[in-house]
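Report on the following structure.
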Amino acid sequence: MMDIKALAYGEKEYITALRRHFHAHPELGRHEVETTKRITEELEKMGIEAMTFSDITGCIGVIRGGHDGGTVALRADIDALPIQEADLTKEYASQNAGVMHACGHDCHTAMLLGAAKILSAHREEIHGTVKLLFQMAEEIGTESRHYVENGSLSDVDAIFGMHIWATLDAGKVNFEDGERMACSDRFTVKIKGKAAHGSEPDKGADAVVAAAAVVMGLQTLVSRRTDPQNTFVLTVGMMNGGTQSNIIAEEVELVGTTRTFNKKFRKGLPDMIKAAAEGIAEGYGCEAESTYFFGPAPLVNEHISLNRIARRAAAAVMGEKALVPMEKEMGAEDFAVYMETIPGVFGFLGGRNMEKGICCVHHHPAFDVDEDVFPDGAAIYAKFAIDCLKEMEKQKIL
Ligand code: NI
């Protein structure tokens, strides 16, 4: 039987070089043309067939094992962010002005290619099929849905994802059951009043005053409408309206986001926001019109058996003590879209190293990752796939 950890450490240079290449050449979501090209070239060099798509970027490598069996997908996201990298003296600094891999997706891509190398070289030992999903545009919202909608994952029995994590030390890893990341939805409220001279407010209906009341009123959804045990955030991040100091504003637009882990409560949010906005606006003689956009759903590790396989894989590679608990995150992850239809598991791989001065949070212009963790990450990807397929063969685990 292959020693996956040793094989992964043998690929450390390969993985690190690729990560530095992707870091130096970041591309924004939906525009990862060169990134996709490089990934498919690497896959083809390994003898892995790569599926590409005419309408979207990203690709899927398919490794057919020497034995029949189920299908496991391993996912890495490949997109960068519209951020100017702070330190351009770094040898692998971004060469694309204003674009940067500030979330570690370059690491995910490189580590999954490292896993691909190990798996493809030992395909005879694989009981089933491994799909290597290099997904575009994670930062945009729910672009992962395209790979579900175009049917390229329809044969997948289980899907695995992992994020490099900036608040977790290198050498630590987290695969925890239950709620892990929140949803990220967006809403707008348009408030319509009636214009008048600023000196005669009684002749109009002030959309600014109504909007201010709506902003405050919406906060009571957090304090009065959700179970106190449920974590819920509602933020109005934009408020646009009015034209001049002495004109009663006719229209104001509010744009906000909601975050929660409770799927049922989340479904009721569009109606709650609509009712609150309309009712409050009416009290000020105005009208409100609200729209709600569902983003990525809450990410909940509810497939306990899959998470157990992931934890065992992580412990085998990094040691039992490396597995640590971690608070759930209010940020979102479009991996949740896959988990709505495919049993899946999602974890976090520590990338922080204070001693090396690597301590910036995700999306920070000085974000970086301790590259020494890459072999462990690649090994966990590969080991999860192999172990999960074996479990599937032994028993129906899903
Ligand atoms: Ni990310």
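The values are calculated or read from the model by the stated rules, or taken from the named source; none is laboratory data. These numbers were taken from a predicted model, which means no experiment stands behind them. Reconstructed Cβ throughout: ideal geometry from the backbone, glycine too, with neighbour counts over all protein chains shown. All accessible areas refer to the heavy atoms of the entire protein, side chains included, with ligands and DNA or RNA removed. Shrake-Rupley method; radii C 1.70, N 1.55, O 1.52, S 1.80 Å.
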Checklist line | Filtered residue count, region 360-379, keeping only those that are away from the ligand (no atom under 15 Å from the Cβ) and surrounded by 17 or more Cβ atoms within 10 Å (Cβ to Cβ) | finding: 8
Check: How many residues are surrounded by fewer than 16 Cβ atoms within 10 Å (Cβ to Cβ) and touching a residue at least 60 places away in the same chain (Cβ under 8 Å) if we restrict to region 315-339?
Finding: 5
Next item on the list: Could you identify the single residue in 288, 297, 249 that is crowded, with 17+ Cβ neighbours inside 10 Å and more than 26 Å from residue 185 (Cβ to Cβ)?
Entry: 249
Check: How many residues does region 262-277 contain that are of a type in the set (Gly, Ala, Ser) and out of contact with any Ser or Thr (no Cβ under 8 Å at 6 or more places or on another chain)?
Finding: 2
Margin query: Could you go through region 242-253 and let me know if any residue there is farther than 30 Å from residue 202 by Cα and in contact (Cβ under 8 Å) with a residue 60 or more places away in the chain.
Written below: no
Checklist line | Extreme residue, nearest to residue 378 (Cα to Cα), among residues of region 115-173 that are more than 16 Å from the ligand (Cβ to nearest atom) and β-branched (Val, Ile, Thr) | finding: 118
Next item on the list: Only one of these is within 19 Å of residue 26 (Cβ to Cβ) and touching a strand residue (DSSP E or B) at 6+ places or on another chain (Cβ under 8 Å): 126, 83. Name it.
Entry: 83
Check: So residue 92 clears everything in (1) open to solvent by 10 Å² or more (accessible area, probe 1.4 Å); (2) within 16 Å of the ligand (Cβ to nearest atom) except one condition, right? Which one?
Finding: (2)
